């Protein structure tokens, strides 16, 4: 999901390749308007009907299901289905039980996933973009190599990683050459932080952390870090998305006037200082866009979990998206599953809004550092798609 | 770069420092190359391993996961795939992908044209709605879509698999932006000559919109070929499995029992070929266009 969003975003910029001239686009002859209204609605009709049928109405239907006791038999609008108020939501948020602890676990897993993937993929894609932005021979080859994983399906990549990270697979073979015995990866439920603490001699939870729970998960387990199995998914997603985001950063980098860098070089600036004081401020809007897209995408991880582990080992790769699916389709608790989907929606909106608030006022290239030719810079150089999306989310 | 050397004053000390700067730059360049190469290996090697392993026997794949030459080399994984439902999966993926792709190109361009050029009441509201849609996360919609597909009686059919995927707000957006960027004068003269609105759209505007149409084509093809979640919730019969769904079930169902990696990797290699071919055909366009896109 994340990759798709990013790809849509990246190729949207294709459109701006040609000189964008806003031309008079409205025909003002009065006689033609009637025709245009009819044709306009006719042209829009298929899109609007499909949007209504498969987006607006489904959301309303699911909202009803999340407040109902529908068990999957017959129509959710049938006479035997009753409203249960907020019971399904309470089941997840306040009523102790399996639903709640599964929900808490999935939130913990996904939270670590987001917190690790988003910064790593953003940093890596900036890094790759800076590398391939140089005037080098074969640079096209390197760009292609880094981008290729983004093209493939998440299913194919997951199958590949299942093989690479098999307990007797390629990665552990490689590690064995270095004298390291690799973990069982996809089969290893131990949390990364717990493993590190274990190395330091802390194997038992301190009593203060063992007793208290939040969302059915003990504080000690909240602090487990991502499981080793989840770490493989983290590596995998970074591997597949870094190329997509690299292209976005490459576009931003090529917008920086080379003379600025040359002037800085003449003044004796080091590579790092040029990067820190010229590059980063100039690509700041793109960084925010990538972080936002990253957060939206990583909270939705589903395909990889479905293909790879189905939430195992010990639920440590369970994510809200996958849990919502199994709760509905496998356990037939449709109300709870739908409620979970809406909570996930809320989480995504919340995180996006927080990011936007935290970066408000900084999401444009600072005026004084705008070195481009006068008049050549539109307000905020990022693509209009991104500004539209963020405008909506703001 | 050469400007630095040219402006260097003619004192010996400065010359020496220029020479060392050149040496440093050369060293830096060599380091950059070896670094890039190392990263490229990390990015490419997994795919090489996937292809090679698909020609291995199962014991060979397990014992020598890193070996780059299969011993013995065998195509039995591919034969096994052929004897399974793989053909059905390919057929379904092709049907769904082509339908979704061509219908999206058509519907997106229709809607984009209306939003960009036709003047009518409610246009702004329609556009806002379409933009809002882009903000709804896809995974959240899985259960809602399933409910609606069932309610409409198109569950477990091609209709249920194809029609909901035609919602493509981003595509409409791309088309609208594109139409706004091309001159309106040609259309105006056609209209003065008495051409109907659909005729103007079909024979004048669409041919001009080729770059945008290609973009939608690439996005839609890749998106629907790689789609998994929607097919999980819109159909259940094995005869309607697409490649993604079939291979995903192959992968997850066998976890634990005999690993069958050559078979799985053969399947994932084959399913990657169409998108890889598409990528290499339009590579210049995908890479360069978006890289140079913001230069105006």
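Key figures
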item	result
Considering residues of the range B:152-172 that are modelled with pLDDT under 90 and within 7 Å of chain A (Cβ to nearest Cβ) only, the residue nearest to residue B:209 (Cα to Cα)	B:170
Index of the failed condition, residue B:139 passing every other in (1) buried (at least 24 other Cβ atoms within 10 Å of the Cβ); (2) modelled with pLDDT of 85 or more	(2)
Condition met for residue B:54 (more than 30 Å from residue B:163 (Cβ to Cβ), touching a residue at least 40 places away in the same chain (Cβ under 8 Å) and more than 14 Å from chain A (Cβ to nearest Cβ))	no
All helices (runs of 4 or more DSSP H) inside the range A:254-344 with 2 or more residues being free of Cβ contacts under 8 Å to residues at least 60 places away in the same chain and touching a helix residue (DSSP H, G or I) at 6+ places or on another chain (Cβ under 7 Å)	A:258-266, A:320-329
Some residue of the range A:350-364 being surrounded by 16 or more Cβ atoms within 10 Å (Cβ to Cβ) and at pLDDT 90 or above	yes
The one condition in (1) modelled with pLDDT of 90 or more; (2) facing chain A (nearest Cβ under 10 Å); (3) within 30 Å of residue A:283 (Cβ to Cβ) that residue B:243 fails to fulfil	(3)
Candidates B:94, B:100 - the one that is within 20 Å of the chain's Cα centre (by Cα) and in contact (Cβ under 8 Å) with a residue 12 or more places away in the chain	B:100
Test: residue in the range B:219-226 that is under 19 Å from residue B:85 (Cα atoms) and within 12 Å of the chain's Cα centre (by Cα)	yes
Checklist (1) over 21 Å from residue A:306 (Cβ atoms); (2) over 27 Å from the mean Cα position of the chain (by Cα); (3) facing chain A (nearest Cβ under 7 Å) applied to residue B:133, failing item	(2)
For residue B:236: the one exception among (1) part of a loop (DSSP other than H, G, I, E, B); (2) in contact with a helix residue (DSSP H, G or I) (Cβ under 9 Å, 6 or more places away or on another chain); (3) modelled with pLDDT of 90 or more	(2)
Residue in the range A:275-293 that is surrounded by fewer than 24 Cβ atoms within 10 Å (Cβ to Cβ) and closer than 30 Å to residue B:231 by Cβ present	yes
Residue within the range A:227-238 that is touching a residue at least 12 places away in the same chain (Cβ under 8 Å), surrounded by 24 or more Cβ atoms within 10 Å (Cβ to Cβ) and touching a strand residue (DSSP E or B) at 6+ places or on another chain (Cβ under 7 Å) present	yes
Residue count, the range B:81-128 (criterion: assigned to a loop (DSSP other than H, G, I, E, B), at the interface with chain A (Cβ under 10 Å from one of its Cβ atoms) and surrounded by fewer than 23 Cβ atoms within 10 Å (Cβ to Cβ))	4
Helices (runs of 4 or more DSSP H) completely within the range B:132-216 that count 3 or more residues being touching a residue at least 40 places away in the same chain (Cβ under 8 Å)	B:142-151, B:158-162, B:169-181
Only listed residue being touching a residue at least 60 places away in the same chain (Cβ under 8 Å) and over 30 Å from residue A:98 (Cα atoms), chosen from A:175, A:215, A:248	A:248
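Table: residues versus (1) modelled with pLDDT of 90 or more; (2) within 16 Å of the chain's Cα centre (by Cα); (3) more than 7 Å from chain A (Cβ to nearest Cβ); (4) assigned to a loop (DSSP other than H, G, I, E, B).
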position: B:255; (1), (2), (3), (4): no, no, yes, yes
position: B:266; (1), (2), (3), (4): yes, no, yes, no
position: B:287; (1), (2), (3), (4): no, yes, no, no
position: B:295; (1), (2), (3), (4): no, no, no, yes
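The values are calculated or read from the model by the stated rules, or taken from the named source; none is laboratory data. Note that the structure is a prediction, hence the values are computed from the model and not measured. Neighbour counts are summed over all protein chains in view; Cβ atoms, including those assigned to glycine, are modelled from backbone coordinates with ideal geometry.
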